[in-house]
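Accompanying notes for the structure given below.
Coordinate-derived values only; no laboratory data. Quick caveat, the model's predicted, so the values are computed rather than measured. Heads up, the Cβs are rebuilt from the backbone with ideal geometry, glycines too, and the neighbour counts pull from every protein chain shown.
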Amino acid sequence: MAVEMEMMQLEEQMTFDCPHCGASNEIALDPAYRRQRIMEECQVCSRDMDLRIEYDSGETMVHALAA
Ligand SMILES: [Zn+2]
C-alpha cells in the first residue's frame, strides 16, 4: 500500500479510449512533463494512436487520435 502511494506521486495513471476500436487503454504519465505527444499502440487492436497530453489548471487530459 505504501509503495502504491509513492508511485502515485511520480506517475499519473490515465485512461482513454482507443480511437480505432474504442477499447479502454491506460497510460502512466510523468507529471514532470507538460504538453507532450506520445505514439502508442492500442493494447487491444495494436493500431497506432497519437496521444496529446495536456495539463490545464492541474488537470490532466489525454486526447487520443487515430495515427
Ligand atoms: Zn484499439
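Overview of values
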quantity: For the range 42-59, Karplus couplings with θ = phi - 60° (6.51, -1.76, 1.60), whole Hz, Gly/Pro x; calculated: 4, 6, 9, 9, 6, 7, 6, 10, 9, 9, 10, 9, 10, 10, 10, 6, x, 9
quantity: Neighbour net charge for Met61 - beta-carbon separation under 9 angstrom, K R +1, D E -1; calculated: -2
quantity: Estimated dipole of the range 16-58 in Debye, rounded to 20 [Cβ of Lys and Arg +1, of Asp and Glu -1, Cα centre]; calculated: 140 debye
quantity: HN-Hα J in Hz across the range 19-25 - Karplus 6.51, -1.76, 1.60, θ = phi - 60°, x for Gly and Pro; calculated: x, 8, 10, x, 6, 7, 10
